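The values are calculated or read from the model by the stated rules, or taken from the named source; none is laboratory data. Quick caveat, the model's predicted, so the values are computed rather than measured. Every residue, glycine among them, receives a Cβ derived from its backbone with ideal geometry; neighbour counts consider all protein chains shown.
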Amino acid sequence: MGDRMEGARRTSIRGSLLMARLVLSSPTGFAGAVIVAGLLILSLIGPVLAPYDPYKQDMSERLMPPSWEHPFGTDQLGRDILSRVLYGCRISLSIALLVVAISATIGLLLGLVSGYFGGLVDEALMRVTDLFFAFPRLILAMAVAAALGPSIINTMLAIATVSWPVYARLVRACVLQVRNETYIEAARAIGAGHVRILFRHVLPMVVHVVLVQATLDLGSIILLAAGLSFIGLGAPPPTPEWGLMVSEGRLYIRSQWWVSTFPGLAIMISALGFNMLGDALRDAFDVRLGR
Amino acid sequence: MSSPLLEVRDLIVHFYTREGVVKALDGVMLSVGRGEIVSLVGETGSGKTVTALSIMRLLDHNARIVRGEVLFEGRNLLQLSEEEMRRIRGREISMIFQEPKSALNPVLTVGFQLREALEAHGEEGEAALEKVLSMLRRVGLPDPERLVNRYPHELSGGMAQRVMIAMALLMRPKLLIADEPTSALDVTVQAQILELIQSLVREMNTSVLFITHDLGVAAEISDRIAVMYAGVVVEQGNVYDVFEEPLHPYTRGLLAAIPRPGRELMAIEGEVPSLLNPPSGCRFHPRCPAVMEVCKRVKPRLVEVEPGRLVACHLYGGE
């Protein structure tokens with residue numbers, strides 16, 4: 001049996017390689033992949049690269065413009081901005097990845113159940129998601145974050161709370177299509193139960209939708225987390241969180257532009273990277289699924 | 001004939017749609033004996049597939065079984081719990097479909113899906129795999145060891161249908177429901193598949209309910225034949241009798257509508273009625289050449305006019 005299973009594994013590896021080639025062959029996909037890979041590497045080794053302690057204050061060095069010593073300059077407390085941006089990478093990325101993991105899982109499960117079983121459960125769940133869609137995501141996240149109090153964990157909870165409905169909706173729509181396929185009927189006709197059908201037959205058909213949405217979402221979650229920190233509802237000072245850093249620098253934006261600009265650029269580049277990768281991923285799935 | 005393997009009694013099924021209630025089945029009567037191949041023939045929309053799905057209890061949410069019984073070895077399937085029914089599907093009764101390629105999940109390998117038919121009933125591991133391989137050999141597929149690692153899109157329609165037949169017969173079910181299994185295939189492949197089904201079920205002593213709109217195929221494969229029209233079985237009997245001497249006016253019309261060289265093609269007048277608002281009395285009466293006054297008012301019952309020969313028509317006494 002071993003080498004037969006090996007064969008199946010090889011086929012799926014071939015599929016993944018094909019996907020990777022499709023993504024990398026588009027210019028935006030390539031750029032997105034480079035940025036995302038860069039961010040991942042930086043979030044791993046950023047603290048090693050950082051020339052200074054991101055929390056160390058030096059009032060004699062405050063608000064220094066970019067120089068060889070401080071490539072991104074220093075902030076109002078004399079902290080090295082490059083070091084803070086590098087440390088911030090890990091924070092932003094872990095917020096984004098964790099939130100996406102949580103909200104995509106919740107949304108996926110609810111969407112599967114809702115779309116597959118339909119009926120009252122579906123109706124109830126979809127009205128709940130309607131409720132969420134009735135408000136802008138940031139406003140809702142602000143409300144939840146304000147209720148929970150400022151901390152990184154609470155920021156993640158707040159964003160996850162408002163992020164899962166998108167996944168539930170997407171997955172449900174996809175399940176509705178898959179549910180009426182003959183192979184689902186055929187699976188039931190051989191005596192497969194609902195759980196087996198949901199996880200073995202339906203899930204593989206919807207997982208790509210979740211993957212694309214999650215990649216696109218990573219960018220907007222980084223923005224959302226930064227937004228919450230910016231208005232003081234996210235990470236508390238002195239966390240080297242990008243949004244918070246932009247916020248702290250806004251008093252000096254006219255004279256000491258570098259304080260807000262570099263963390264702002266970091267936010268922009270990472271959001272852009274995830275969006276480009278997500279778009280390319282979607283195109284690649286469309287090609288592969290022959291749409 | 002002792003008590004049949006499957007007996008459908010007075011089955012009424014309605015679909016609730018936006019346009020109204022579709023009265024899809026209106027008292028279907030049908031029986032399949034042990035080891036017997038029964039064809040269910042009729043036009044598209046006459047309720048053949050709905051009958052099959054009712055037996056399997058696989059109807060959509062918007063369908064309601066209003067009345068009737070589906071007796072399988074004396075047990076009424078309509079009263080079983082969902083879990084009891086699940087254990088019957090695939091093990092006691094299995095089904096093959098019209099479009100074999102869409103009946104296989106495109107992202108799972110053939111072997112995975114075949115093993116699943118066994119896993120769903122608790123058979124796993126090396127023994128299950130061996131069983132899958134030997135079944136693939138029996139349905140005439142070469143090189144099963146390589147085939148199990150293939151994906152459905154790599155198969156031809158005929159191969160896919162062979163895989164489906166293998167899957168359906170893995171658990172040696174007592175009844176196989178074949179819903180137009182050859183309609184989507186090339187004529188040459190069609191003949192091979194028919195032959196395969198015929199020889200396999202004879203070997204395994206499996207009964208077959210064979211659904212088709214093709215009278216030629218029905219004549220080829222079946223022992224008995226049941227003719228459906230607008231949600232009703234109008235005639236049932238031995239395949240030779242029905243073809244030699246059709247009793248119901250609809251069956252006669254149907255047989256006359258088979259093109260033959262040197263004979264003018266006869267069409268049945270009128271159209272298939274809408275089941276949203278079916279005709280009163282006998283559902284065939286607006287198109288029937290032998291219509292009588294009673295046909296418009298009273299629905300004829302399916303009565304046995306000779307042993308094993310049933311017809312639902314006022315022409316043949318009854319009430």
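Would you be able to say whether some residue in the range B:185-195 is closer than 21 Å to B:P259 by Cα and outside any helix (DSSP H, G or I)? Yes: one or more hits. Only residues that are more than 13 Å from A:R179 (Cα to Cα) and within 10 Å of another protein chain (Cβ to nearest Cβ): list them for the range A:190-207, please. Hits for the range A:190-207 are A:I190, A:G191, A:A192, A:G193, A:R196, A:V207. The residues of the range B:27-43 that are surrounded by fewer than 23 Cβ atoms within 10 Å (Cβ to Cβ) and in a loop (DSSP other than H, G, I, E, B), listed by number, are B:G33, B:R34, B:G35, B:E36, B:E43. The listed residues are B:P289, B:P300, and the only one of them that is over 15 Å from B:G237 (Cα atoms), outside any helix (DSSP H, G or I) and either of a type in the set (F, W, Y) or modelled with pLDDT of 90 or more (or both) turns out to be B:P300. Scanning the range A:22-69 for residues being in contact with a helix residue (DSSP H, G or I) (Cβ under 6 Å, 6 or more places away or on another chain), outside any helix (DSSP H, G or I), under 21 Å from A:P240 (Cβ atoms) and of a type in the set (S, T, N, Q) gives a total of 0. Looking at the structure I just gave you, is A:G243 of a type in the set (G, A, S), out of contact with any Cys (no Cβ under 8 Å at 6 or more places or on another chain) and in a helix (DSSP H, G or I)? Answer is yes for this residue.
Quick test of your reading of the structure: B:A219 fulfils all but one of (1) closer than 30 Å to B:L170 by Cα; (2) in contact with a Lys or Arg (Cβ under 6 Å, 6 or more places away or on another chain). Name the failing condition by number. All conditions pass for B:A219, except number (2).
Here is a yes/no grid of residues against (1) among the β-branched types (V, I, T); (2) more than 30 Å from B:A52 (Cβ to Cβ); (3) in a helix (DSSP H, G or I):
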residue	(1), (2), (3)
A:Y116	no, no, yes
A:R127	no, yes, yes
A:I153	yes, yes, yes
A:W164	no, yes, yes
A:C174	no, no, yes
A:Q177	no, no, yes
A:Y183	no, no, yes
A:V195	yes, no, yes
A:H201	no, no, yes
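Got a number for residues in the range B:140-196 being β-branched (V, I, T), within 10 Å of chain A (Cβ to nearest Cβ) and over 16 Å from the mean Cα position of the chain (by Cα)?
Just the residues of the range B:140-196 that are β-branched (V, I, T), to begin with: B:148, B:163, B:165, B:177, B:182, B:187-189, B:193.
Now restrict to residues that are within 10 Å of chain A (Cβ to nearest Cβ): B:148, B:177.
Now drop any that are not over 16 Å from the mean Cα position of the chain (by Cα), which leaves B:148.
Of the residues in that region, 1 qualify.
State yes or no: is A:P236 in a loop (DSSP other than H, G, I, E, B) and surrounded by fewer than 22 Cβ atoms within 10 Å (Cβ to Cβ)? When the stated conditions are applied, A:P236 passes them.
Filtering the range B:8-62 to residues that are under 23 Å from B:N238 (Cα atoms) and of a type in the set (G, A, S) leaves B:G27, B:S31, B:G33, B:G35, B:S39, B:G42, B:S46, B:G47, B:A52. Here is a list of conditions, (1) buried (at least 23 other Cβ atoms within 10 Å of the Cβ); (2) within 14 Å of chain A (Cβ to nearest Cβ); (3) polar (S, T, N, Q), and B:S46 meets all of them except one; can you say which number that is? The one condition B:S46 does not meet is (2). None of B:A184, B:A178, B:A166 is surrounded by fewer than 22 Cβ atoms within 10 Å (Cβ to Cβ) and among the small types (G, A, S) except B:A184. The residue pairs whose first member lies in the range B:166-182 and is assigned to a loop (DSSP other than H, G, I, E, B), whose second member is of a type in the set (G, A, S) and crowded, with 24+ Cβ neighbours inside 10 Å, and whose beta carbons are closer than 6 Å, counting only pairs six or more residues apart or on different chains, are B:L170/B:A117; B:M171/B:G90; B:P173/B:S94. Summed over the range B:88-100, residues that are over 12 Å from B:I165 (Cα atoms), at the interface with chain A (Cβ under 7 Å from one of its Cβ atoms), touching a helix residue (DSSP H, G or I) at 6+ places or on another chain (Cβ under 7 Å) and in contact (Cβ under 8 Å) with a residue 40 or more places away in the chain total 1.
The single residue among A:A186, A:A168 that is within 14 Å of another protein chain (Cβ to nearest Cβ), crowded, with 23+ Cβ neighbours inside 10 Å and of a type in the set (G, A, S) turns out to be A:A186. Any residue in the range B:16-26 that is out of contact with any Phe, Trp or Tyr (no Cβ under 7 Å at 6 or more places or on another chain), over 23 Å from B:P278 (Cβ atoms), surrounded by 19 or more Cβ atoms within 10 Å (Cβ to Cβ) and in contact (Cβ under 8 Å) with a residue 24 or more places away in the chain? So far as the range B:16-26 goes, no, none of its residues is out of contact with any Phe, Trp or Tyr (no Cβ under 7 Å at 6 or more places or on another chain), over 23 Å from B:P278 (Cβ atoms), surrounded by 19 or more Cβ atoms within 10 Å (Cβ to Cβ) and in contact (Cβ under 8 Å) with a residue 24 or more places away in the chain. Considering B:M56, B:M85, which residue is within 16 Å of the chain's Cα centre (by Cα), closer than 27 Å to B:P152 by Cβ and within 10 Å of chain A (Cβ to nearest Cβ)? That would be B:M56, the only listed residue that is within 16 Å of the chain's Cα centre (by Cα), closer than 27 Å to B:P152 by Cβ and within 10 Å of chain A (Cβ to nearest Cβ).
The single residue among A:G88, A:G107, A:G115 that is crowded, with 24+ Cβ neighbours inside 10 Å, out of contact with any His (no Cβ under 8 Å at 6 or more places or on another chain) and within 14 Å of another protein chain (Cβ to nearest Cβ) turns out to be A:G115. Just so you know, in the range B:101-139 the residues that are surrounded by fewer than 19 Cβ atoms within 10 Å (Cβ to Cβ) and among the acidic types (D, E) include one that is nearest to the other protein chains (Cβ to nearest Cβ), and it is B:E126.
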